[in-house]
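For reference, the structure discussed in these notes is given below.
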Amino acid sequence: MFPLAAHERRGVRRTISGLAVPLFVAGSLNFAAQLGIIAILGRMGGEAIYVRSLYQPVSLIVLALSAGFAVCNQVAAAISKGAGRPQDVMSNAASLARVWLGLGAALYLVLAVAATSLPGLLHVDAGLRDTFASFLRWTSAASLLAVGEELCASSLRGYGYVRQATVLVIWTGSVRIGLVAGLGLGADIGIAAVPISEAAAGLTGLAMGLVLLRRTELWHLPTVRIWRREVFTDLRRIGVPIAMSFGCGSPSVSA
């Protein structure tokens, strides 16, 4: 291979940093929010931390899938920017959302069925088995709602609207922390505040994400009806490796 010229190397560095730095910032903010939630759960007592720790493998699966879809969408948005085709961003995100709906529904059905047998397999304390089964069902369902915000943020981030994407990440993290603290400690409903906060963060994040997209040239609402079959190729080449590496190697926590 021929060595790259200086201006070509600078272009490659800008391209890599343009994708990696925003991802690092978003990941750091999400990680900080999850640490805050774990700290709040710690104030609720040992039972809340115990149930949450049992849910950890499931949360990593959902988190890995979300990361795979988000990175895949961000790369597609960056390619659309390079091609000067902002109208492709929403259609790509909408196509990924359709795939997520099917995959998420299948995953939830598996978890809902497994919720009856997992407490026994994990040797959950007898007095907390119903609590854990209920937490598993509700939290896994609520966590799947996060894909809307993830796709909006990655669309903005990939096309260069890093500030707007960061605002969206901060908003959803604040909703999660605020509701877990307000409902879990203030209203004294305990760990049940976690699925409520997840659902609220996902739905309000989607609403805010659409508002932010509406203010950019990415807003082409009719294109959401366009099915882009290449998302399967993108998921296989980009999303699956990201999800596998994230799920197998990440030590982080997710509420």
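The values are calculated or read from the model by the stated rules, or taken from the named source; none is laboratory data. Just so it is clear, the structure is predicted and the values come from calculations on it, not from any experiment. Glycine also receives a Cβ, built like all others from the backbone with ideal geometry; neighbour counts cover every protein chain displayed. When the accessible area is computed, the model is the full protein with side chains, heavy atoms only, and any ligands, DNA or RNA have been set aside. Shrake-Rupley method; radii C 1.70, N 1.55, O 1.52, S 1.80 Å.
Can you give me the % of accessible surface on the chain that is carbon or sulfur? Probe 1.4 Å, all protein chains present, nothing else counted.
Taking all protein chains in place, the chain shows 68 percent carbon and sulfur surface.
Taking the dipole about the Cα centre of the chain, with the C-beta of Lys and Arg at +1 and of Asp and Glu at -1, give me whichever of V147, A199, L96 is farthest to the positive side.
Going by the Cα projections, it comes out as L96.
With θ set to phi - 60° and the Karplus curve 6.51 cos²θ - 1.76 cosθ + 1.60, what are the ³J(HN,Hα) couplings of the stretch 93-99 in order, to the nearest whole Hz, using x for Gly and Pro?
Rounded to whole hertz, the list is 5, 5, 5, 5, 5, 5, 5.
Size of the stretch 102-218 along its principal axes in angstrom, Cα-based, largest extent first?
Taking max minus min along each principal axis of the Cα atoms, the stretch 102-218 gives 54, 36, 16 Å.
Can you compute 3J(HN,Hα) from phi for each residue in the stretch 38-47, using the Karplus curve 6.51 cos²θ - 1.76 cosθ + 1.60 with θ = phi - 60°, rounded to whole Hz and x for Gly and Pro?
Each residue's phi maps through the Karplus curve to give 4, 5, 5, 4, x, 6, 7, x, x, 5 Hz.
Calculated from DSSP H runs of 4 or more alone, at -39500 (n - 2.57) each and per residue, what is the 222 nm mean residue ellipticity of the chain, nearest 500?
-26000 deg cm²/dmol
Take the Cα coordinates of the stretch 172-244, assign each an equal point scatterer, and use the Debye formula without solvent to give log10 I(q)/I(0) at q = 0.12, 0.18, 0.26 Å⁻¹.
The calculated log intensity ratios at q = 0.12, 0.18, 0.26 Å⁻¹ are -0.58, -0.87, -1.00.
For the stretch 35-91, state the semi-axes of the equivalent ellipsoid (square roots of 5 times the eigenvalues of the alpha-carbon gyration tensor), sorted largest first and rounded to whole angstrom.
Over the Cα atoms of the stretch 35-91, the semi-axes work out to 39, 12, 7 Å.
Please report, in debye to the nearest 20, how large the charge dipole of the chain is about its Cα centre when each Lys and Arg carries +1 at its beta carbon and each Asp and Glu carries -1 there.
920 debye
Suppose all protein chains stay in the model; what accessible area per residue would a 1.4 Å probe give for the stretch 93-156, in Å²?
For the stretch 93-156, the per-residue accessible area is 44 Å².
Using only protein heavy atoms and a 1.4 Å probe, report how much of F24 is accessible, in Å² to the nearest 10.
About 140 Å², ignoring ligands and nucleic acids.
Quick one: putting +1 on the C-beta of Lys and Arg, -1 on the C-beta of Asp and Glu, what dipole do you get for the stretch 123-195 around its Cα centre, in Debye to the nearest 20?
240 debye
Please give me the summed charge of the neighbours of L118: other residues whose Cβ is under 14 Å from its Cβ, Lys and Arg +1, Asp and Glu -1.
Taking every Cβ under 14 Å from that of L118, the sum is 0.
With only alpha-carbon atoms in the gyration tensor, what are the semi-axes of the equivalent ellipsoid for the chain, in Å, largest first?
34, 19, 18
Using a 1.4 angstrom probe on the protein heavy atoms only, could you order S80, S117 from most to least accessible area?
S117, S80
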